[in-house]
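Comments concern the structure below.
The values are calculated or read from the model by the stated rules, or taken from the named source; none is laboratory data. On a predicted model such as this, the values are computed, not experimentally measured, just so you know. Note that each Cβ is placed from the backbone with ideal geometry, even for glycine, and that neighbours are counted across all protein chains shown.
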């Protein structure tokens, strides 16, 4: 656990502490300045408020037909081993392994007919709406949603980064990607508490006075380089320096990351999960669901996390019995917690993976890749919940009713944050305005 709290120091003559001075002095060090934020908001008709997204990524592609739409009428080689259970919304059934979520379906939305996925084992589609390669890619690539929010809104609190990625390292690293800034440049990359840079973000005996001296020296040495920064790399370095100083001189982020400060009863409701990594995927850390809520409460606009490994080519049903009850506990605790704190209308929670799984069960009792249709679970954000949107055909192969494109999901996420995707653009590295998504239409059933 990080210990980077500084001792309070004497005030200046105007009553301002040295810590406050360092924080205010850092406002002009790279990244977005306040005038830039205000200009962006004015240009796009955006009113900054602390609305947020918690993105729960399921690496590998979860089995849509074993979660939110059990095919009881399909042949046994399609149907699988699970039965549906009733939820607290009449007419909506989900898998028996999600009893907690079934009891709060009035606060949830399941989308059973996600289309637009590609057969690539990576998080980028779920975090940005686009594959990492191919298609209509501008130079630098498409930014993820957290980077877009960091660009358009900036931080809520100067000592708390607007975008935090909690995904731990994995054997298959494209699953561990917490989100990329794309053409926005490294200044808008996620802050990673488990990243390699965290080792450098400790005071290690250095006083805040000496830290201030080093900050002034770095600022003087780097100022002349900024004017010739063509690709944003120096801006990114400046943003990292600023972020490091802000974190070092404030305890807010550190406290948000420390779940030991939470009420033990709340921790028990979320559960602990398991720190053991699942093959080349990630661990099942239920504490991260709680950390996500704490980070949003501290001022983070977007938190991404990755849970377990869902690429079940074999033993699909055994693995589901291990992972789905944990997911049920973690997500239901998160939604319940946000609701009890009055945050649920402002925070959108989304749970999904990069594609679905084959209708037919293979010889290893698994399901293979199936990008033709996928699924997601959503909550909060002021949406009209208590719905199940879409229906696949009898075998769960393709949408039969109401296909929902990935871009419609992202349009909805942006809508929940107060962003009009029909008018909002961000200039790419060539200065050309880029829309946030190609299909600029929120899911009409939810808004």
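Take the conditions surrounded by fewer than 17 Cβ atoms within 10 Å (Cβ to Cβ) and either more than 19 Å from the chain's Cα centre (by Cα) or at pLDDT 95 or above (or both) and apply them to residue 91. Does it pass? Quick ask: steps written out before the conclusion?
Numbers: surrounded by fewer than 17 Cβ atoms within 10 Å (Cβ to Cβ): yes; either more than 19 Å from the chain's Cα centre (by Cα) or at pLDDT 95 or above (or both): yes.
Spelling it out, residue 91 is indeed surrounded by fewer than 17 Cβ atoms within 10 Å (Cβ to Cβ) and either more than 19 Å from the chain's Cα centre (by Cα) or at pLDDT 95 or above (or both).
Does residue 129 meet the test of being within 13 Å of the chain's Cα centre (by Cα) and under 13 Å from residue 406 (Cβ atoms)?
Details: within 13 Å of the chain's Cα centre (by Cα): yes; under 13 Å from residue 406 (Cβ atoms): yes.
Against the criterion (within 13 Å of the chain's Cα centre (by Cα) and under 13 Å from residue 406 (Cβ atoms)), residue 129 qualifies.
Please work out if residue 391 is out of contact with any strand residue (DSSP E or B) (no Cβ under 8 Å at 6 or more places or on another chain) and either at pLDDT 95 or above or within 28 Å of residue 100 (Cβ to Cβ) (or both). Even if it seems obvious, please write down each step before you answer.
On the way: out of contact with any strand residue (DSSP E or B) (no Cβ under 8 Å at 6 or more places or on another chain): no; either at pLDDT 95 or above or within 28 Å of residue 100 (Cβ to Cβ) (or both): yes.
Judged against the criteria, residue 391 is not a match.
For the subset of the stretch 143-154 comprising residues that are part of a loop (DSSP other than H, G, I, E, B) and in contact with a strand residue (DSSP E or B) (Cβ under 9 Å, 6 or more places away or on another chain), which member is surrounded by the fewest Cβ atoms within 10 Å (Cβ to Cβ)? Working first, answer last.
Keep residues of the stretch 143-154 that are part of a loop (DSSP other than H, G, I, E, B), which gives 143-144, 154.
Still in the running and in contact with a strand residue (DSSP E or B) (Cβ under 9 Å, 6 or more places away or on another chain): 143-144.
Numbers: 143: 28, 144: 31.
Filtering first and then ranking leaves 143.
Given the conditions (1) more than 18 Å from the chain's Cα centre (by Cα); (2) touching a residue at least 40 places away in the same chain (Cβ under 8 Å); (3) buried (at least 20 other Cβ atoms within 10 Å of the Cβ), and given that residue 164 satisfies all but one, which numbered condition is not satisfied?
So the condition that residue 164 fails would be (1).
Filter the stretch 257-287 down to residues that are in a helix (DSSP H, G or I) and in contact with a helix residue (DSSP H, G or I) (Cβ under 8 Å, 6 or more places away or on another chain) and give me whichever is farthest from residue 379 (Cα to Cα). If you could, list the steps in order and put the result at the bottom.
So the first thing to find is which residues in the stretch 257-287 are in a helix (DSSP H, G or I), and the list is 257, 259-261, 264-270, 287.
Retained after the next criterion (residues that are in contact with a helix residue (DSSP H, G or I) (Cβ under 8 Å, 6 or more places away or on another chain)): 257, 259, 261, 266-267, 269-270, 287.
Values: 257: 23, 259: 23, 261: 26, 266: 20, 267: 21, 269: 18, 270: 17, 287: 19 Å.
Restricting to residues being in a helix (DSSP H, G or I) and in contact with a helix residue (DSSP H, G or I) (Cβ under 8 Å, 6 or more places away or on another chain), the top hit is 261.
Say whether the condition of being under 16 Å from the mean Cα position of the chain (by Cα) and at negative phi is met by at least one residue in the stretch 356-372. Outline the logic, then answer.
At the first step, the residues of the stretch 356-372 found to be under 16 Å from the mean Cα position of the chain (by Cα) are none.
No.
What are the residues in the stretch 167-183 that are closer than 12 Å to residue 126 by Cα, part of a loop (DSSP other than H, G, I, E, B) and touching a strand residue (DSSP E or B) at 6+ places or on another chain (Cβ under 7 Å), if any?
Residues satisfying the conditions are 178, 179.
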